[in-house]
Amino acid sequence: MPDPIYAHPRLALAYDTFDGPRDDLAAYLAIADELAARRIVDLGCGTGCLALLLAPDRQVIAVDPARASLDVARAKPGADQVTWIEGDASAIPAGAQADLIVMTGNAAQAVLTDHDWTAMLRHVRRSLALGGCFTFETRRPERRAWEEWAVDTAPVTADVPGLGPVEQRRELTTVDLPLVSFRYTYRLLNDNTTLTSDSTLRFRDEDELTTSLEAEGLGIREIREAPDRPGREFVVLAQRRSI
């Protein structure tokens with residue numbers, strides 16, 4: 001089940017505002033150009049920011065398990081150029097033959113168990129054309145981002161279209177490596193409604209990523225720095241190299 005921050009209709013409306021300008025997406029547009037990818041799947045597309053940037057010149061399928069996030073995406077300009085699908089990796093259409101499958105926003109870290117991670121990789125491989133690439137970002141565990149989250153608890157207030165002023169707070173709740181859990185609390189100031197969203201992320205190191213991908217027939221093409229967050233995240237490019 002997706003976290004309430006993505007699945008609750010009111011929180012999904014607030015997501016883009018608090019997520020900021022998405023400077024990370026330029027790297028994925030550059031990868032799509034570098035690979036000359038024409039058929040792309042945006043897996044865990046959320047509110048559709050990347051899918052909509054890709055769509056004018058490419059065939060784009062955007063997949064996400066949170067209906068509320070997809071509703072936000074479908075209401076954006078240009079949404080009719082994207083095929084939107086509610087579901088996880090198993091919902092990617094058979095025969096997609098994608099040149100590129102992307103997971104942005106550290107969505108890969110929301111896949112918590114070994115079983116679910118392996119299942120996702122198998123669906124990804126099935127959906128790629130021979131030579132196609134799977135690329136995603138994930139935080140480097142050695143940077144211990146959760147320690148920053150533990151002290152960065154000051155509230156942030158923003159004006160959200162359709163909701164008005166909203167206050168957001170983040171609280172680190174559990175560190176049980178490789179899992180880290182936290183809670184977002186949102187107070188909608190116009191009607192004093194309080195909504196919470198609990199999330200857990202899994203931190204995988206480079207060896208675990210490489211071993212798990214290669215075990216499912218996705219060879220490592222390259223592991224890069226995230227250009228907007230150097231030293232903090234891996235950007236992995238894995239390639240389907242056999243039938």
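The values are calculated or read from the model by the stated rules, or taken from the named source; none is laboratory data. All of these numbers come straight from a predicted model, not from anything done at the bench. All Cβ positions, glycine included, derive from the backbone under ideal geometry; neighbour counts span all protein chains shown. Heads up: the accessible areas ignore ligands, DNA and RNA and are worked out on the full protein's heavy atoms, side chains in. Shrake-Rupley method; radii C 1.70, N 1.55, O 1.52, S 1.80 Å.
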Legend entry - Tabulated pairs, segment 58-87, first of a type in the set (S, T, Y), second in a helix (DSSP H, G or I), C-beta under 8 angstrom, 6+ apart or interchain: S69/Y6; S69/A7; S69/A12; S69/Y15
Inset, instruction - Take segment 1-57 and flag every residue that is crowded, with 23+ Cβ neighbours inside 10 Å and of a type in the set (S, T, N, Q). - result: T47
Legend entry - Residue that is surrounded by fewer than 13 Cβ atoms within 10 Å (Cβ to Cβ) and polar (S, T, N, Q), where the choices are S199, S242, S212: S242
Inset, instruction - Output yes when any residue across segment 67-84 is among the aliphatic types (A, V, I, L, M), touching a helix residue (DSSP H, G or I) at 6+ places or on another chain (Cβ under 7 Å) and not in a helix (DSSP H, G or I), and no when none is. - result: yes
Inset, instruction - Of the conditions (1) within 25 Å of T185 (Cβ to Cβ); (2) assigned to a helix (DSSP H, G or I), L53 clears all except one; give me its number. - result: (1)
Legend entry - Members of segment 125-181 found to be open to solvent by 20 Å² or more (accessible area, probe 1.4 Å), closer than 25 Å to D114 by Cβ and either in contact with a Lys or Arg (Cβ under 7 Å, 6 or more places away or on another chain) or small (G, A, S) (or both), listed by number: R125, R139, R140, R143, W149, T173, P178, L179, S181
Legend entry - Flag for A108 being under 24 Å from F234 (Cβ atoms) and part of a helix (DSSP H, G or I): yes
Legend entry - Subset of segment 1-50 [touching a Cys at 6+ places or on another chain (Cβ under 9 Å), assigned to a loop (DSSP other than H, G, I, E, B) and modelled with pLDDT of 95 or more]: L35, A37
Legend entry - Near pairs, Cβ below 9 angstrom, 6+ apart or cross-chain, from segment 150-161 (farther than 14 Å from T185 by Cα) to any residue that is of a type in the set (S, T, N, Q) and surrounded by 10 or more Cβ atoms within 10 Å (Cβ to Cβ): D159/T17; V160/T17; P161/T17
Legend entry - Members of segment 204-223 that are farther than 14 Å from P141 by Cβ and among the acidic types (D, E): E214, E216, E222
Legend entry - One residue from V235, V175, V180 being among the β-branched types (V, I, T) and more than 17 Å from the chain's Cα centre (by Cα): V175
Inset, instruction - Please give the number of the condition A94 fails out of (1) under 23 Å from R122 (Cβ atoms); (2) assigned to a loop (DSSP other than H, G, I, E, B); (3) in contact with a Leu (Cβ under 9 Å, 6 or more places away or on another chain). - result: (3)
Legend entry - Boolean, A94 is open to solvent by 10 Å² or more (accessible area, probe 1.4 Å) and either touching a strand residue (DSSP E or B) at 6+ places or on another chain (Cβ under 6 Å) or of a type in the set (A, V, I, L, M) (or both): yes
